[in-house]
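Everything on this sheet refers to the single structure shown next.
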Amino acid sequence: MSTIPVRTPEAARTDGLRRLATVFHASDLVWLVEASYDAYTQMWHFDMLRQGAQGSWVIQRYSYDRHNDIQHYRGERTVPNDQLHAIRAKAERYDSARWADGSVPA
């Protein structure tokens, strides 16, 4: 009997961030605000700051299911203008073009 290989949480984080590159355009300004791992569900949760469809800044939440290799969109919330600078200062710039082509190290 063979077993199905299970990805480590760290490898699954990389997989989830690479999958997010398919959601954003290369020219989008995006920041990774928070990444957290839920050991019980074995899912990564990513909070991404970007401009929404209506032009306001939003934090969009995505979850990555490491076992099924599926990215789930979990909704968004608007960021007040007075909090935008502080959030961007603490967040990590997410370069979707580099994640998409694999040039971001795992």
What is the gain in length, in nm to one decimal, between ALA100 and GLU34 on full extension, counting 0.36 nm per residue of separation less the C-alpha to C-alpha distance? 21.8 nm
What nm distance separates the two modelled labels at GLN51 and THR78, each placed 7 Å from Cα along Cα→Cβ? 1.7 nm
Matching label for the computed percent of Cα pairs over 22 Å apart, out of (1) 37; (2) 32; (3) 51, is (2)
Mind checking the angle between helix 9-20 and the chain's longest principal axis? C-alpha axes, 0 to 90 degrees, to the nearest 10. 50 degrees
GLU34 long-range amide H proximity, modeled H, under 5 Å: ASP47
Quick one: helix 81-90 against the long Cα principal axis of the chain, what's the angle to the nearest 10°, folded into 0 to 90? 40 degrees
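Where a number appears in this text, it was derived from the coordinates with a stated rule and is not lab data. Because the structure is a prediction, the values reported are computed rather than measured. Because the Cβ atoms are built from the backbone with ideal geometry, glycine has one as well, and the counts that use them run over all protein chains shown.
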